[in-house]
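Below you'll find the structure, written out as structure tokens, and then a few comments.
The values are calculated or read from the model by the stated rules, or taken from the named source; none is laboratory data. Computed from a predicted structure; not experimentally measured. Neighbour counts are summed over all protein chains in view; Cβ atoms, including those assigned to glycine, are modelled from backbone coordinates with ideal geometry.
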């Protein structure tokens, strides 16, 4: 049967001509690649900035008892929420998220301004539940895959709660989703105490296939030619590799693909094969994520479970044809290049509908505010014109009276 290497797009593609690999064992840590900024991928993060700020504030209010909070309490949390202006300004700029009202914090205290979830936001939250229910099987598959890649097929429940937004997991997935699938999941301990774990009960071989393996199988089916799974490698304009690094990547790409679901306990952590497996895990994690990007510190929380080295973040610059590490917002964010075209996310997760609907809710509020500001400006202009006309009439009247008076004097 014919054998075909999966497509590898790179500026040194033509050098991948020798099927015999003379892989020189070099210290991976000595292979340096200079980080270069990718403006288009940075913009993908920048344009989501307003949406993310709104999502953080909404989450903060939803976590409060009764989903209400005194405005001054929220004001004290501005730094943690990374809100660069006063909460009252935020409310005015984003109408439709919250209603404001006065109430007492204590029975004998003076009434203060409170925030509560608006009817419009509450309707969105119901839509969110509907989208999650519609995609429940997809969410269960994600959760299984996260566990299947982990050492001992176990992950900290508290860590999973921390990354639920990154993967589109429901807020209450440990309480309402996990118990519905006892043949897949076992929850050990009590979440929130730091000693709670989610364990995989049943291994499903159909789920133990990475995005790259599925892609290769599909191409094999369509072409009738056996395709070997490998990474799409494409350096954007302005990115260059030194000759030594270019040759290393060429030979490294020719190594057999190692599935992120395979047992690699026998591999040396510093070996090129382990590097291949690590890149495969990052590729799969980013593919499973909602926006095909995850902050590097969040990935670092799972170093032990996924067998990442202490210097794991260097993988993202060393393999800059596969990943991009953005420094936007002062946070390192790993991004999957193939998921984006310029600054647009092309590989859209089904749960992305939730973000689309939330952005629509925000835009409705922004449009209403723009119309209100436009109306106010029109009223101000009209009032100014009326004042000008009135003043002109008074001046005319005064001038006429003076003229009449002068005639009478004569």
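Could you check region 304-318 and list, in sequence order, the residues that are assigned to a loop (DSSP other than H, G, I, E, B) and either within 14 Å of residue 274 (Cα to Cα) or at pLDDT 95 or above (or both)? It would help to see each step written out before you state the result.
Step one: list which residues in region 304-318 are assigned to a loop (DSSP other than H, G, I, E, B), which gives 304-313.
Those that are assigned to a loop (DSSP other than H, G, I, E, B) and either within 14 Å of residue 274 (Cα to Cα) or at pLDDT 95 or above (or both): 306, 307, 308, 309, 310, 311, 312.
From the list 74, 115, which residue is surrounded by 13 or more Cβ atoms within 10 Å (Cβ to Cβ), touching a strand residue (DSSP E or B) at 6+ places or on another chain (Cβ under 7 Å) and part of a strand (DSSP E or B)? Can you show your working first?
Working: 74 fails: part of a strand (DSSP E or B).
When all the criteria are applied, what remains is 115.
Could you grab me the full set of residues in region 263-301 that are touching a strand residue (DSSP E or B) at 6+ places or on another chain (Cβ under 9 Å), surrounded by fewer than 21 Cβ atoms within 10 Å (Cβ to Cβ) and in a loop (DSSP other than H, G, I, E, B)?
Across region 263-301, the qualifying residue is only 301.
Confirm whether residue 321 is in a helix (DSSP H, G or I), touching a residue at least 60 places away in the same chain (Cβ under 8 Å), crowded, with 18+ Cβ neighbours inside 10 Å and over 14 Å from the mean Cα position of the chain (by Cα).
no
Can you spot a residue in region 198-214 that is over 20 Å from residue 285 (Cβ atoms) and crowded, with 17+ Cβ neighbours inside 10 Å?
no
Of the residues in region 171-193, how many are modelled with pLDDT under 95, part of a loop (DSSP other than H, G, I, E, B) and either surrounded by 11 or more Cβ atoms within 10 Å (Cβ to Cβ) or in contact with a strand residue (DSSP E or B) (Cβ under 6 Å, 6 or more places away or on another chain) (or both)?
Counting residues in region 171-193 that are modelled with pLDDT under 95, part of a loop (DSSP other than H, G, I, E, B) and either surrounded by 11 or more Cβ atoms within 10 Å (Cβ to Cβ) or in contact with a strand residue (DSSP E or B) (Cβ under 6 Å, 6 or more places away or on another chain) (or both) gives 5.
Taking region 93-112 only, how many residues are under 28 Å from residue 354 (Cβ atoms), in contact with a strand residue (DSSP E or B) (Cβ under 9 Å, 6 or more places away or on another chain) and either in contact (Cβ under 8 Å) with a residue 40 or more places away in the chain or assigned to a helix (DSSP H, G or I) (or both)?
Within region 93-112, residues that are under 28 Å from residue 354 (Cβ atoms), in contact with a strand residue (DSSP E or B) (Cβ under 9 Å, 6 or more places away or on another chain) and either in contact (Cβ under 8 Å) with a residue 40 or more places away in the chain or assigned to a helix (DSSP H, G or I) (or both) number 1.
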